[in-house]
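The structure appears below as structure tokens.
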Amino acid sequence: LFVAFYGCNTSQDDGRAQQSNATEKTANFDLITHNVAPYALNDTLNFSLLSKTAMAWDSASILLDGKSVQKLFPGRLDFSLLTKGHGVGSHEVVVEVYQGSEKERIKRNVIVLADKEPEIWGFQIKAKFPHDADAFTQGLLYDKGFLYEGTGQKGASELRKVELLTGKVLEAKKVSIDLFGEGIALFNEHLYQLSWQAGVGLVYQKEGLKEVTRFYYSTEGWGLTANDSHLIMSDGSHHIRFIDPTNFQEQHTIEVYDTKGAIGYLNELEWVDDKIYANIWQKDEIVVIDPISGKVEKRIDMKGIFPANQSRPGVLNGIAFDAENRRFFVTGKYWPFLFEVLFMPKSTISS
Ligand SMILES: [Ca+2]
């Protein structure tokens, strides 16, 4: 029997992580799939356990992402797994075959892609505001009439409260010189700021930007946002982590995929209407992600956001949302402007 393994035909060039499906070799058993890859969200994956040596066995446990989901017995070698409810990305299927006290473990990684092409959206500029051209923007959010901004570079990193209309920095707190500031989020009247590679996060009271505590994580820190229960963090990969803001424990992780593969380099984040907006590092693109499945639902083409007749000092970075007035703001690293934008389906934008 020949089993075709699917390797996502993607390259690092467009920010997609290299992923492949693979099975560990085992002595007596093999695990074969009856579906033709690639697999998509909501597919039912059909497998058969194949005994290569006709060895007797008692039972087998099927584990999906570490959780036991089914049992097999001799005479029943076929099983199905529903991808629905498990999200896009990499999943581990393990079959543990028992014979007395002996156990043989067969592992298969499967990649589940999005089941629907993302909608292609664009933008319209509604207003243009000044922005500090010395700000290496790494995090941006809006709260009660003010922008809050986290800036990067060692020695120049700050947490700032900024006046929207003028871009004037009203308050600034310097980040210690050993930390390279990254994304920021607001949760329960506290501001949280990541650092890039030090594994250290800073927590401030919003009023007065007073540092109150620190937290620690094992990945790089890139973008940060929050919903009403979690801090939500990117690390430069296609993973987004949900963190408990009370003890900083990671609760769960999603992987971000479209119909072709993983979407890497997820950077600055914004939680809006139960979706995650993420701008992709070094691209004029924002993706809108379903936070349950990790599926990319929209790709917002931001090409043309920076005036074509001016040299651009840095990449697009920074999405903020004014929930009360339903306004989106975007800017970039060292950009002299911050834009209020309206996102809309590209087909509805008149050129
Ligand atoms: Ca943001």
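Numbers for the structure displayed
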quantity: Test: residue in segment 250-257 that is away from the ligand (no atom under 16 Å from the Cβ), charged (D, E, K, R), under 13 Å from the mean Cα position of the chain (by Cα) and farther than 14 Å from LEU191 by Cβ; calculated: yes
quantity: Given (1) free of Cβ contacts under 8 Å to residues at least 60 places away in the same chain; (2) within 29 Å of PRO118 (Cβ to Cβ), number of the condition ASP58 does not satisfy; calculated: (2)
quantity: Residue match in segment 172-180 (condition: in a strand (DSSP E or B), under 25 Å from the mean Cα position of the chain (by Cα) and buried (at least 19 other Cβ atoms within 10 Å of the Cβ)); calculated: no
quantity: Matching strands (runs of 3 or more DSSP E) fully within segment 284-351 where at least 2 residues are closer than 20 Å to GLY264 by Cβ and within 16 Å of the ligand (Cβ to nearest atom); calculated: 285-289, 316-322
quantity: Residues of segment 257-283 satisfying the condition of being β-branched (Val, Ile, Thr) and part of a loop (DSSP other than H, G, I, E, B); calculated: THR259, ILE263
quantity: Residue that is modelled with the lowest pLDDT [pool: residues in segment 22-60 that are more than 19 Å from ARG76 (Cα to Cα) and assigned to a strand (DSSP E or B)]; calculated: ALA22
quantity: Cross-chain or 6+ apart pairs with Cβ under 7 Å, segment 180-191 first and among the aliphatic types (A, V, I, L, M), then more than 13 Å from the ligand (Cβ to nearest atom) and part of a strand (DSSP E or B); calculated: ILE184/LEU159; LEU191/LEU159; LEU191/TYR204
quantity: LYS260 at pLDDT 95 or above, touching a Cys at 6+ places or on another chain (Cβ under 9 Å), among the charged types (D, E, K, R) and away from the ligand (no atom under 16 Å from the Cβ); calculated: yes
quantity: Identity of the residue in segment 84-96, surrounded by 14 or more Cβ atoms within 10 Å (Cβ to Cβ) and in contact with a Lys or Arg (Cβ under 7 Å, 6 or more places away or on another chain), that ends up farthest from SER237 (Cα to Cα); calculated: GLU96
quantity: Output for segment 104-163, where each listed residue is assigned to a loop (DSSP other than H, G, I, E, B), over 22 Å from the mean Cα position of the chain (by Cα) and within 16 Å of the ligand (Cβ to nearest atom); calculated: HIS131, ALA135, LYS144
quantity: Positions within segment 207-244 being assigned to a loop (DSSP other than H, G, I, E, B), touching a residue at least 40 places away in the same chain (Cβ under 8 Å), within 16 Å of the ligand (Cβ to nearest atom) and not small (Gly, Ala, Ser), in sequence order; calculated: TRP222, ASN227
quantity: Among (1) out of contact with any helix residue (DSSP H, G or I) (no Cβ under 9 Å at 6 or more places or on another chain); (2) crowded, with 19+ Cβ neighbours inside 10 Å - the single one GLY75 does not satisfy; calculated: (2)
quantity: Any pair with Cβ under 6 angstrom, 6 or more apart, that starts in segment 297-326 at a residue that is within 24 Å of THR348 (Cβ to Cβ) and ends at one that is of a type in the set (Phe, Trp, Tyr) and more than 16 Å from the ligand (Cβ to nearest atom); calculated: LYS298/TRP121; ILE300/TRP121
quantity: Pick from segment 147-162, criterion of a type in the set (D, E, K, R) and under 17 Å from LEU191 (Cβ atoms), ranking: surrounded by the most Cβ atoms within 10 Å (Cβ to Cβ); calculated: GLU149
quantity: Test: LEU194 is in a strand (DSSP E or B) and buried (at least 21 other Cβ atoms within 10 Å of the Cβ); calculated: yes
quantity: Matching entry among TYR204, TYR217 (being over 15 Å from GLY152 (Cα atoms) and either in contact with a Leu (Cβ under 6 Å, 6 or more places away or on another chain) or surrounded by fewer than 18 Cβ atoms within 10 Å (Cβ to Cβ) (or both)); calculated: TYR204
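The values are calculated or read from the model by the stated rules, or taken from the named source; none is laboratory data. The shown structure was predicted, so the numbers you read here are calculated from the model rather than taken from an experiment. Reconstructed Cβ throughout: ideal geometry from the backbone, glycine too, with neighbour counts over all protein chains shown.
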